[in-house]
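Here's the structure we're looking at; comments come further down.
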Amino acid sequence: MTITTTPGKIIQYNSVVAGEAIMGADIIRDIFASITDIVGGRLAAYKSKLIKAREIAISEMAAKPSDLGANSVVGVDLDYEVIRDGMLMVTASGTAANAQ
């Protein structure tokens with residue numbers, strides 16, 4: 001399965017496909033994040049949640065084109081949203097297509 005932000009040689013466009021992931025952080029992460037915000041530094045706990053959410057969203061999106069008879073997803077877009085404190089949503093979307 002080819003997943004790309006730019007189209008190659010497209011034979012047929014099929015449909016828009018998407019995958020979503022909503023991840024919550026727990027109270028311990030929030031406390032450590034608050035401390036890190038004060039003293040500076042990277043938020044490794046949140047970074048790992050963000051990476052996991054992105055992987056889930058892309059994986060969900062990648063599973064859908066074969067149901068439509070497509071072999072690739074082109075024009076992929078990733079969107080990140082904070083739903084509320086401690087909750088992150090990642091959406092991956094693109095166009096299912098048959099490409100060479």
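Just so it is clear, none of the values below were taken in a lab; they were calculated from the coordinates. If you're wondering where the values come from, they're calculated on a predicted model, not measured in any experiment. Please note: Cβ atoms are built from the backbone with ideal geometry, for glycine as well, and neighbour counts cover all protein chains shown.
Note the full-extension length gain between Thr4 and Ser59 as 0.36 nm times their separation in residues minus their Cα-Cα distance, in nm to one decimal. The partial results should precede the final answer.
Details: separation 55, 0.36 × 55 = 19.80 nm, distance 1.32 nm.
Full extension of this stretch gives 18.5 nm more.
Tally Lys/Arg at +1 and Asp/Glu at -1 over every other residue whose Cβ is under 11 Å from the Cβ of Ala92; what's the total? Don't skip to the end; give the middle numbers.
Working: positive: Arg54, Lys64; negative: Glu20, Glu55, Glu60, Asp77, Asp79.
Combined, the nearby Lys, Arg, Asp and Glu give -3.
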